[in-house]
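Asks: Once you've had a glance at the structure underneath, I'll fire off some questions.
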Amino acid sequence: MSFPKGFYWGGATAANQLEGGWQEGGKGVSCPDICTGGTATVSKRITPVLEEGTFYPSHDAIDHYHRYKEDIALFAQMGFKMYRFSIAWTRIFPNGDEEQPNEEGLKFYESLIDECLKYGIEPMVTISHYEVPFHLTKKWNGWADCRMIDCYLNFCKAIFTRYKGKVKYWLTFNEINSATTPMGGFLSQGILNEIKTMDFMDQVDNPNNRFQGLHHQFVASALAVKMAHEIDPNYQVGCMQIMATSYALTCNPEDEIVNQQKGHLMNWFCSDVQCRGKYPNYIKRYFKDNNITVHMEPGDDDILAAGPVDFYTCSYYMSNCQTADKSKESGKGNILGGVPNPYLKASDWGWQIDPIGLRYSLNEIWDRYQKPIFVVENGLGAYDKIDEDGKVRDDYRIDYLRSHIQQMHEAVLDGVDLRGYTPWGCIDLVSASTGEMAKRYGFIFVERYDDGTGDFSRRKKESFYWYKKVIETNGEDLD
Ligand code: BGP
C-alpha cells in the first residue's frame, strides 16, 4: 500500500483559530474576535460590543503569531510536504475596505511562507477562512452586499502579487457551502442580520441574505481565479467544501429522495457552481420552493463560466443520514445536522465516524468533476490528557486517522486523482464551532485551556511520531 509519488502529506490550520496577536501588527477586528468561548453543550456567543471580563479565545489563540517558527519547525520534523493555512484578511486590510494593504501584515505572512519553503513545505493558502473583517459586517452586513466583491478582489490582488513565485496553491473560500445552513451566515459570510449579542447556534437567520451572499462569493471566486491566472499562470486555485456525506436512513424511496435533495443543497450546489461555472438546475427549484430570490447582475453568468476552479478540495469529518420522517431526532454534526446512523459511533461532540464515507465521497467527487482532489481537513476532535509521565497517548486519534487514510488509499485504487491530505488542526487550536480549546485535533499538544490559563508550551503527542512514520513511508506503514 502506498500513495502516488509526490503525494502532499501535511496539516491544516486557520489564522483566527491559532494566531492570536489580534491587535498586533496593525491587525483590525475580524468576526471571530467578537466571539466568546463555548462548550460542547453551551453555545459560544457573538458580542458586537466586547464584554469586560469575558474570555475571547481568538485574541491569544495559541500564540502562533509569535511562535510560528517553532511550530513550522515541528511540522517539518514530522516531514510535512504541505502546510495549509489562511491569511487573516484583517492583517492585510484591517477594516477590509482600505485601498492600500498593511505592509506589516504582508511581511508577517511572507516570513511565514519563507519559513515553510526553507523546509521544502509547499504552502496552500486559504484566502478567506471564516473571518470577514467586522467593519464590513457593520457597514454592509458582510457578503449580503455586492460591494464585498471588490474588497475581496483587492485583498486577492495584494497577496497574489506579493507572494508570486512562493505560493502555488490557493483556496478562495473555506467551506463555502457552510452558508447553505444558518450557522454559515455569520461564520463564513460575516452576515449579522441584527447587530446585537446572540448565541452563535441561534443566529437571526435570513436565508435570502445567505444565498445572495453566496452568489457574491461565487462571482468573487470566479474573478479571483481569473486574476490569479493573469498574475501567474502557474497559480492553481481551488474551491473548498464541507463534504457532509449523507445516506438515506432506509431504502424507502421517500428517504432516498430527501437524501438526494439535501445532498444537492449541501454537498453539490456550491461545488457545481465553482467547478462547472454555472448554477445547477435543481437549485432553481429549491429557490422557488423556498421563496429565495437571488439578484444577479447582467454578465454574472459569463463571469462564472470564465472562472471555474482548477482543483477541488474538501473537509471530511463525518457522515449522517437523512429521512423523510420528520419525527426522527436530529443528530449533532459538523454544521449539517441530519439523523444518527445506527451503524456508526460518534465522537464526544456527536460527530459520527465513518471512514468508508470518505472513500465513497471521493469517488462521487471524482466522477462528477474529473478535477484533482485534496482532502484539506480531516481529524478527530477529542479530550486529550497529559499522563503523569508527560505523554499524551492519543491512540483514538491514530485509529481515526489510520482508518481514513486506508479509505483514501482505496479511493486512489478506485482511480480517484487524489493529490494530498492535510489533517485539521495539526497543532491544537481553538474550535470553530464551539470556541473551545478542549476539543483538540493536533499532533502537537498546546498548554492552553478554556479558562485562559496555560503557558502555550508545545508537546509532541503519540500521534506526532505515528504521523511522521506515515509520511516517511508515503502511507505504507500505518501501524
Ligand atoms: C471546519 C472548519 C475549521 C475547523 C474544523 C473543525 O468546519 O473549516 O475551521 O475548525 O471544521 O471544526 P471544530 O473546530 O468546530 O471542531
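A short reminder: the numbers here are calculations on the coordinates, not readings from a lab. Keep in mind the model is a prediction, meaning the values are calculated, not measured. All Cβ positions, glycine included, derive from the backbone under ideal geometry; neighbour counts span all protein chains shown.
Asks: Which percentage, to the nearest 5, of the DSSP beta bridges contained in the chain is antiparallel?
Replies: Roughly 20 percent of the beta bridges in the chain run antiparallel, per DSSP.
Asks: Here is a further query. In straight Cα distance, which lysines are under 23 Å from LYS468, not counting same-chain residues fewer than 8 positions off?
Replies: LYS5, LYS69, LYS81, LYS118, LYS385, LYS391, LYS439, LYS460
Asks: Can I ask one more? Going by how many other Cβ atoms sit within 10 Å of their own, how do LEU304, LEU265 line up, fewest first?
Replies: LEU265, LEU304
Asks: Work out the length of the dipole vector of the chain about its Cα centre, built from +1 on the beta-carbon of each Lys and Arg and -1 on the beta-carbon of each Asp and Glu, and round it to the nearest 20 debye.
Replies: 660 debye
Asks: 5 Å is the cut-off here: which amide hydrogens, built 1.01 Å from N in the peptide plane, fall below it relative to VAL446, excluding neighbours closer than 5 in sequence?
Replies: For VAL446, the qualifying residues are ASP428.
Asks: Charges on Cβ only, +1 for Lys and Arg, -1 for Asp and Glu, centred on the Cα centroid of the chain; of THR422, TRP170, HIS135, which one is farthest towards the dipole's positive end?
Replies: Farthest towards the positive pole: TRP170.
Asks: What order do you get for 81-90, 152-161 when each peptide is scored by the mean count of other beta carbon atoms within 10 Å, highest first?
Replies: In descending order of packing, they fall as 81-90, 152-161.
Asks: Sort PHE55, PHE374 by Cβ crowding within 10 Å, fewest neighbours at the top. If you can, show how the numbers build up before the last one.
Replies: Numbers: PHE55 13, PHE374 24.
Lowest count first: PHE55, PHE374.
Asks: Roughly how many whole Å is it from the C-alpha centroid of the stretch 229-280 to that of the stretch 345-373?
Replies: Going from one Cα centre to the other spans 12 Å.
Asks: In terms of the Cα gyration tensor, with a ≥ b ≥ c the square roots of its eigenvalues, is the stretch 334-440 rounded because a/c is under 1.5, prolate because a/b exceeds b/c, or oblate?
Replies: Details: a/c = 1.96, a/b = 1.65, b/c = 1.19.
Because a/c hits 1.5 or more and a/b exceeds b/c, the stretch 334-440 counts as prolate.
Asks: Which one, GLY28, GLN17, THR47, projects farthest toward the positive side of the charge dipole computed for the stretch 1-53 from Cβ point charges (K/R +1, D/E -1)?
Replies: Of the options given, the answer is GLN17.
Asks: Continuing with the same structure: Please give the calculated 222 nm ellipticity per residue for the chain, where each DSSP H segment of at least 4 residues contributes -39500 (n - 2.57) and the sum is spread over every residue; nearest 500 deg cm²/dmol?
Replies: About -11000 deg cm²/dmol.
Asks: Another one. Determine the shape class of the stretch 295-389: with a ≥ b ≥ c the square roots of the Cα gyration tensor eigenvalues, call it rounded for a/c under 1.5, and otherwise prolate if a/b is greater than b/c, oblate otherwise. Kindly include the intermediate steps, with their values, before the conclusion.
Replies: Numbers: a/c = 2.24, a/b = 1.59, b/c = 1.41.
Prolate.
Asks: Got a sec to turn the phi values of the stretch 54-70 into Karplus ³J(HN,Hα) couplings, 6.51 cos²θ - 1.76 cosθ + 1.60 with θ = phi - 60°, whole Hz, x for Gly and Pro?
Replies: Result, ordered by residue: 8, 8, 10, x, 6, 5, 10, 6, 10, 6, 5, 3, 9, 10, 4, 5, 4 Hz.
Asks: Right, something else. List, in order, the whole-Hz ³J(HN,Hα) value for each residue of the stretch 425-430 obtained from phi through the Karplus relation with A = 6.51, B = -1.76, C = 1.60 and θ = phi - 60°; use x for Gly and Pro.
Replies: So the Karplus estimates, Gly and Pro as x, are x, 4, 10, 3, 8, 6 Hz.
Asks: Continuing with the same structure: Rounded to whole Å, give me the distance from the Cα center of the stretch 106-122 to that of the stretch 405-452.
Replies: 21 Å
Asks: I've got another one for you. Any chance you could check the Cα centroid distance between the stretch 14-43 and the stretch 140-198 for me, in angstrom?
Replies: 16 Å
Asks: Given H placed on each backbone N at 1.01 Å, which residues far from GLY420 in sequence or on other chains put an amide H within less than 5 Å of it?
Replies: It is TYR8, VAL375, by chain and number.
Asks: Which shape class applies to the chain: rounded if a/c is under 1.5, otherwise prolate when a/b exceeds b/c and oblate if not, where a ≥ b ≥ c are the square roots of the Cα gyration tensor eigenvalues?
Replies: rounded
Asks: Of the options ASN234, PRO308, ILE365, report the single residue whose Cα projects farthest towards the positive end of the charge dipole of the stretch 229-384 (beta-carbon charges: Lys, Arg +1; Asp, Glu -1).
Replies: Working it through, the farthest residue towards the positive pole turns out to be ILE365.
Asks: Show me, for the stretch 364-378, the HN-Hα J-couplings you get by feeding each phi into the Karplus relation (A = 6.51, B = -1.76, C = 1.60, θ = phi - 60°), rounded to Hz, glycine and proline as x.
Replies: Using θ = phi - 60°, the values come out as 4, 5, 5, 4, 7, 10, 6, 10, x, 10, 10, 8, 9, 8, 5 Hz.
Asks: Next question, about the same structure. So which lysines can LYS284 reach, going by Cα to Cα under 22 Å and dropping same-chain residues fewer than 8 places off?
Replies: LYS262
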